[in-house]
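J.: Next up is a structure, given as structure tokens.
The values are calculated or read from the model by the stated rules, or taken from the named source; none is laboratory data. Here the structure is a predicted model, which means the values were calculated and not measured. No Cβ is skipped: glycine too gets one built from the backbone with ideal geometry, and neighbour counts run over all protein chains shown.
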Amino acid sequence: MKKIRVLLLGLVVLTTACGATQHQKRATVASRPVQADWADFSYGMYYKSRSEYQTAIKYFMDAAAYKTRLDAVYYQLADCYFRLYDYENAVNYADLSIKENPDYARAYFIKYSVYSTLMNYEKAAQSLEPLAMNHPEMVNVHYTLGNLYYSNLKNLDKAMVYFRNIVEIAASETVDDYYVEYSHYYLGYIYYSKGQIDTSIEHFKKCIEVNPDNFSSKYILAFVYMDQYSLDNARFYAEEYLKKFPGNDKINTLLGRIYYLQNDGRALTHLRNAIDSKTTDGRLAKCLYLELLRRDDDAEKALKEFLKKSTGFISPHIALARVSLRKNDKTTALSEFFTAGILLFKAQQYTMARDNLVRALAIKNDIPELYFYLARTYEETGNFSLAIVHYKKTNELKPSSDILIHIGYLYSLKNNFEEASKYLDTAISLEPGNSKPYFFKGLLYSRRDNYTSAESCIKKALTIESENETYYFYLATVQEKQSKIQDTIESLKKAIQYNPESSRAYNFLGYLYADNNMHLDESIDLIKKALSYEPSNGAYLDSLGWAYYRKGRYDLALQNLLEAEKQLEKESSPDPVVFDHIGDTYREMGDSARALDYWGKSLKLKNDPKISNKIQQYRQGHEH
């Protein structure tokens, strides 16, 4: 204790002496010990730790006179001024620190803190961006910028760049799980706001992979899947969330809705848990709960009141239909079953849609729209025969050349070209001024590899409807099959003229140029335009890779081709052409083993003599 007192007394004496001789310091620098500059710096740090910032500043200023480690000295001055709310000097000294040492990260963060405090978020971002650019490995900088752009500047595109940077760094280096988890979390929100739901889901799932206890992601996934009426997935995440928060009204209502739609008795328990909530969810839970208890008068009143304001939910329409049917109100029951069927069809829940449409049909069997939507449910599930039966019934009740055309189209999908032609010709005779039957007849000929007749029919459709992008696009497909390259180009340009957002036309034209080794810069621009509309389209990524291949940019070619492979694998639709292109690129990069591997993959999907010959020639050439 005595020793501590002596040390403290010494510090007091030194402090007093320093205060008395401040004006003499710079005059006697030469006579000081070598470490005198760091004595001043140490005193500065001592007073700073005691929050005596003005005194600390005096010592840091004295330390600065020695010109040693000015980056650290200026940073401490900036920090002291920041704590004294003197933001102008804080920024000035931070800039001096950065000028002395552009890699001194802490100085950048002082500027960021100043501008964040002043709520000048644009300058706060500008303060850190040079650090992120010069030190891409600094994950915390990317995360801070991502948060800034997401939360404060509402610039989702820039936020996405920084969060994606973190995910990419984590793929090859060790990154703190916190940064990876929340980068995926924010990316999930960003992609959801952009309408890229599948990518959004992917990121929320990755977030849970990093941290299985991220219940916020489970909560979001439950509702995202429910928005899509992907009921099994929604149920899985809702049940996961309820393990942690069993009393959550919204999740209980969500699970109750799912079980209600699936006629599962567990609906009653979850709905009962939510009926006391005064929210929309609570009111919906109460409506469905009353219907399940068959308290029909109370249920009918509650459901009609609920549906006045919230018509988009499917389960209350079904509930009201059931109540109305029990009360022998067939008009309301018919209307509600029909509405539920259409809503379920739009949600791609075709089996449940069909169940409700059939219940409506049991009440009244002469409504053409009922048969039409039933036909569509069968078509969407690949049962073309039953779809045709119901489309024919639709046409019987309400004749329409468009229905005849569609029946013809479905017959063509069944490779029954005779029946297909019969229905299309009937439509032409009934309505010769309708372009559609000529167009579909063109598609019919194209499916039979009769490209000359196909071209003639589609051109006939264009004489009736001359500004139809779809017609020009498919005209290009049959012209390309006939090696009419210039005609194909002109048709695709017309398609783009009449629909400047036609991603398929941009991609087709770009790929056509690349495949024919012409206009390669324009080819790349066109395909990039297509990808701006559909950034995850595997076919478009393949086109871009092939265009770069033609340019001799094999690094960029391989990058895009491998991404195309990845995207097509996600869709469970691998493409032999993509594998062939990857093989060609590896060959040009001198990697014969991988080239042969990818050509082999291509052959497994499609027995193409050109690729077989390529493999044989390549092996023979390397054997010699």
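J.: Would you kindly identify the helices (runs of 4 or more DSSP H) lying entirely within the range 1-77 that contain at least 2 residues that are under 23 Å from Tyr104 (Cα atoms) and at pLDDT below 90?
T.: 36-49
J.: Across the range 87-115, which residue is farthest from Ala63 (Cα to Cα) among those that are assigned to a helix (DSSP H, G or I) and either in contact with a strand residue (DSSP E or B) (Cβ under 7 Å, 6 or more places away or on another chain) or polar (S, T, N, Q) (or both)?
T.: That would be Ser113.
J.: Which of the residues that make up the range 584-624 are within 36 Å of the chain's Cα centre (by Cα) and basic (Lys, Arg)?
T.: The answer is Arg587, Arg594, Lys601, Lys604, Lys606.
J.: May I ask you to list the residues in the range 346-370 that are within 12 Å of Ile314 (Cβ to Cβ), among the hydrophobic types (A, V, I, L, M, F, W, C) and either modelled with pLDDT of 95 or more or in a helix (DSSP H, G or I) (or both)?
T.: Met352, Ala353
J.: Also, I was wondering about something else. What are the pairs, 6+ residues apart or on separate chains, where a residue within the range 515-526 that is of a type outside the set (Asp, Glu) has its Cβ under 7 Å from a residue that is surrounded by fewer than 17 Cβ atoms within 10 Å (Cβ to Cβ)?
T.: Within 7 Å, the pairs are Asn516/Ile485; Leu520/Lys551.
J.: Scan the range 567-578 residue by residue and report those that are surrounded by fewer than 24 Cβ atoms within 10 Å (Cβ to Cβ), in contact with a helix residue (DSSP H, G or I) (Cβ under 8 Å, 6 or more places away or on another chain) and at pLDDT 90 or above.
T.: If the condition is that a residue be surrounded by fewer than 24 Cβ atoms within 10 Å (Cβ to Cβ), in contact with a helix residue (DSSP H, G or I) (Cβ under 8 Å, 6 or more places away or on another chain) and at pLDDT 90 or above, then Gln567, Leu568, Ser573, Pro574, Asp575, Pro576, Val577 are the ones that fit.
Here's the yes/no breakdown for (1) of a type in the set (Gly, Ala, Ser); (2) touching a Gly at 6+ places or on another chain (Cβ under 8 Å); (3) surrounded by fewer than 18 Cβ atoms within 10 Å (Cβ to Cβ):
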residue	(1), (2), (3)
Lys67	no, no, yes
Tyr93	no, no, no
Lys111	no, no, no
Tyr115	no, no, no
Ala124	yes, no, no
Ser127	yes, no, no
Pro136	no, no, yes
Ser151	yes, no, yes
Phe163	no, yes, no
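J.: For the range 191-241: of the residues being aromatic (Phe, Trp, Tyr) and under 19 Å from the mean Cα position of the chain (by Cα), which is surrounded by the most Cβ atoms within 10 Å (Cβ to Cβ)?
T.: So the residue we want is Phe204.
J.: Can you tell me how many residues within the range 328-345 are surrounded by fewer than 23 Cβ atoms within 10 Å (Cβ to Cβ), part of a helix (DSSP H, G or I) and not hydrophobic (A, V, I, L, M, F, W, C)?
T.: 5
J.: Kindly provide the set of residues from the range 171-188 that are free of Cβ contacts under 8 Å to residues at least 12 places away in the same chain and within 19 Å of Asn211 (Cβ to Cβ), ordered by number.
T.: Ala171, Thr174, Tyr178
J.: Next question. Could you please find all residues in the range 486-519 being among the polar types (S, T, N, Q), within 18 Å of Asp542 (Cβ to Cβ) and surrounded by fewer than 21 Cβ atoms within 10 Å (Cβ to Cβ)?
T.: Those that are among the polar types (S, T, N, Q), within 18 Å of Asp542 (Cβ to Cβ) and surrounded by fewer than 21 Cβ atoms within 10 Å (Cβ to Cβ): Ser503, Asn516, Asn517.
J.: Now for a separate question. Looking at the range 430-449, can you tell me whether even one residue there is of a type in the set (Ser, Thr, Tyr), on the phi < 0 side of the Ramachandran plot and touching a Phe, Trp or Tyr at 6+ places or on another chain (Cβ under 6 Å)?
T.: No, the range 430-449 has no match at all.
J.: Report yes if some residue within the range 199-214 is in contact (Cβ under 8 Å) with a residue 60 or more places away in the chain and touching a Ser or Thr at 6+ places or on another chain (Cβ under 9 Å); otherwise report no.
T.: Yes: one or more hits.
J.: Could you look through the range 444-485, keep only residues that are of a type in the set (A, V, I, L, M, F, W, C), buried (at least 21 other Cβ atoms within 10 Å of the Cβ) and at pLDDT 95 or above, and pick out the one that is farthest from the chain's Cα centre (by Cα)?
T.: So, considering only residues that are of a type in the set (A, V, I, L, M, F, W, C), buried (at least 21 other Cβ atoms within 10 Å of the Cβ) and at pLDDT 95 or above, the one farthest from the chain's Cα centre (by Cα) is Cys457.
J.: Residues of the range 111-155 being over 22 Å from Asp95 (Cα atoms) and touching a Lys or Arg at 6+ places or on another chain (Cβ under 7 Å), which ones?
T.: Tyr149
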